[in-house]
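Working notes, beginning with the structure itself.
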Amino acid sequence: MTLEVDGQPWRTVPDDVVVRCGLHAGLTLDRPRLRLLRTELRRAEGLATAGRALAQRPLSRRQVSERLRRRGVAPPVERETLGTLAAAGLVDDARLARGRAAGLADRGWGDLAIAARLQRDGLEEAETRAALAELPPEQGRAAALIADVSDGRKAWSLLARRGFSPDAIEGALGSLDADDEPGLG
């Protein structure tokens, strides 16, 4: 809807803002109605900003919050926007952690690397731990990753670079210090 002031087009307003403000043709925009309009426009802009970001890929609550702050969204509007998105299920850190952890594990990453990535993405430690707990055992994933690697030292190095814990590496490959371990040649 396009609002007019003194018969001249002033501003186009999203339909949801029109409804929430009770705007209609011939309505005089007094000071209280203009304050309400300003509040609703800020709310709509916060949701639009977050919606554009979430359309690209799922984001954590912290990532959405940072994007809103960078766009100059006021803290009360930011909190309300995050609450609305969480209530709608569009921002769900636990679901995001589980999905990201499973995807990284499927691509051959170990628990240490996965945890670091999830925490870098703004997910809390509790959500990270819960997501890691749902993954297949790390030792089994490590063994599958090095199944075709014949050199034990290269396999050890690969697993270490991929963020597998020392315990998982030793469980999958054995200790490099032991002379009679299989796979070390």
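Computed quantities for the displayed model
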read-out	value
Candidate set: region 85-144, residues that are touching a Lys or Arg at 6+ places or on another chain (Cβ under 6 Å) and over 19 Å from residue 164 (Cα atoms); chosen: the one modelled with the lowest pLDDT	122
Residue list for region 116-160, restricted to those being buried (at least 20 other Cβ atoms within 10 Å of the Cβ) and among the hydroxyl-bearing types (Ser, Thr, Tyr)	128
Cβ pairs under 8 Å, 6+ apart, first in region 54-79 and open to solvent by 30 Å² or more (accessible area, probe 1.4 Å), second of a type in the set (S, T, N, Q) and at pLDDT below 95	67/49; 71/49
Count of region 87-115 residues which are within 12 Å of the chain's Cα centre (by Cα), of a type in the set (A, V, I, L, M) and open to solvent by 30 Å² or more (accessible area, probe 1.4 Å)	2
Residue tally, condition among the aromatic types (Phe, Trp, Tyr) and either outside any helix (DSSP H, G or I) or touching a residue at least 40 places away in the same chain (Cβ under 8 Å) (or both), over region 145-171	1
Residue list for region 131-144, filter: out of contact with any helix residue (DSSP H, G or I) (no Cβ under 7 Å at 6 or more places or on another chain) and in a helix (DSSP H, G or I)	133, 140, 144
Of all residues making up region 95-141, the number that are in contact with a Ser or Thr (Cβ under 7 Å, 6 or more places away or on another chain), under 21 Å from residue 67 (Cα atoms) and acidic (Asp, Glu)	1
Candidate set from region 161-170 (those that are more than 27 Å from the chain's Cα centre (by Cα) and within 9 Å of residue 110 (Cβ to Cβ)); member that is surrounded by the fewest Cβ atoms within 10 Å (Cβ to Cβ)	168
Entirely in region 1-75, the helices (runs of 4 or more DSSP H) that have 3 or more residues that are modelled with pLDDT under 90 and either touching a Lys or Arg at 6+ places or on another chain (Cβ under 7 Å) or farther than 30 Å from residue 118 by Cβ (or both)	15-21, 31-56
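The values are calculated or read from the model by the stated rules, or taken from the named source; none is laboratory data. Since this is a predicted model, take the numbers as computed values, not measurements. Here Cβ is always computed from backbone atoms with ideal geometry, including for glycine, and neighbour counts include all displayed protein chains. When the accessible area is computed, the model is the full protein with side chains, heavy atoms only, and any ligands, DNA or RNA have been set aside. Shrake-Rupley method; radii C 1.70, N 1.55, O 1.52, S 1.80 Å.
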